[in-house]
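Some notes on the structure that comes next.
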Amino acid sequence: MKAAKQKTKKVQKEINSNKLDLRNRINILLIVILVIISFLVSFVAYNALPETMTIHWGINGEANGFAPKTIGIMIMPIITLILVAILIAVPKLDPLKGNIESFKEKYYDFITIFCAFMLYLHAITILLNFGIQANMIALLAPAFALLMYYMGILLGSAKRNYFIGIRTPWTLDNETVWNKTHKLGEKLFKLSAAISILGVIFPNQAIILILAPIIISSIYLVGFSYLEHKKQLRK
């Protein structure tokens, strides 16, 4: 009876492992597709764009940075490609990569969402260069909210490592501090996402609604990890 239960658990573990492997392979495929689409969008839009492109907008949503279209049209796809390569390489470099394996599927979900975010940013950059009148920061708000929300999910799943998560001297030193800080980080980042989406409704305050919650949350989490570490030392 005991042997049968152990065999059943082993089979279930293999099934779950196969499901995770499939999920990661699907994510890798989606990542490749999104990066390719980003480059294709550049090639398709190239002839219709002005010779000088807007590539940067200020905190009020007004254009304040420009580049020749041969450069401007390729900036976002190239940055996406470089960042994705770094994100995929990170788990292999971490000394605690065994811990990263435990939440690898969430990590690859995040990379996929990040690629979608960059493609969206690339698309609205092109549309605004076609002459469409809109507030860039307000357009960015819903995509940023989605990215931050899933970052919260990732934080809630992250195990102690040197590259992914809230890496302070105190979280890296103590697993309990890491876990408590990241559980709180999950809630704060999700709350920040909910606040940032209000930038769509209040475009003039969009930059504050996007950045302030994340900055405040990040500073608070650093302080929380320090105080929690001191508390653990007293036990």
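The values are calculated or read from the model by the stated rules, or taken from the named source; none is laboratory data. What you see is a predicted model, and the numbers here were worked out from it, not measured in a lab. A quick note on method: Cβ atoms are made from the backbone with ideal geometry, for glycine too, and the neighbour counts reach across all protein chains shown.
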**OP:** Pick out, from the range 1-106, the helices (runs of 4 or more DSSP H) lying fully within it that include 3 or more residues that are modelled with pLDDT under 85 and polar (S, T, N, Q).
**Re:** 2-45
**OP:** Quick one: count up the residues across the range 67-90 that are more than 26 Å from the chain's Cα centre (by Cα) and surrounded by 13 or more Cβ atoms within 10 Å (Cβ to Cβ).
**Re:** 2
Original post:
Scanning for something without any contact (Cβ under 8 Å) to a residue 40 or more places away in the chain, aromatic (Phe, Trp, Tyr) and under 30 Å from Gly185 (Cβ atoms), does the range 102-118 turn up at least one residue?
Top reply: yes
Subject >> Matching entry among Ile195, Ile208 (being under 13 Å from Pro142 (Cα atoms) and without any contact (Cβ under 8 Å) to a residue 40 or more places away in the chain) >> reply: Ile195
Original post:
Which residues, counting only those in the range 156-185, are among the charged types (D, E, K, R) and crowded, with 19+ Cβ neighbours inside 10 Å?
Top reply: Arg160
Original post:
For Glu51, which of the numbered conditions (1) exposed (fewer than 13 other Cβ atoms within 10 Å of the Cβ); (2) of a type outside the set (A, V, I, L, M, F, W, C); (3) touching a Leu at 6+ places or on another chain (Cβ under 6 Å) fails to hold?
Top reply: (3)
**OP:** Hey, can you tell me all the residues within the range 149-168 that are assigned to a loop (DSSP other than H, G, I, E, B) and in contact (Cβ under 8 Å) with a residue 40 or more places away in the chain?
**Re:** Ala158, Lys159, Arg160, Asn161, Tyr162, Phe163, Ile164, Ile166, Thr168
Original post:
With respect to Leu121, is the statement that it is surrounded by 14 or more Cβ atoms within 10 Å (Cβ to Cβ), modelled with pLDDT of 90 or more, in contact with a Phe, Trp or Tyr (Cβ under 8 Å, 6 or more places away or on another chain) and closer than 18 Å to Phe39 by Cβ true?
Top reply: no
Subject >> Answer from Lys187, Lys230 - the residue that is basic (Lys, Arg) and in contact with a helix residue (DSSP H, G or I) (Cβ under 8 Å, 6 or more places away or on another chain) >> reply: Lys187
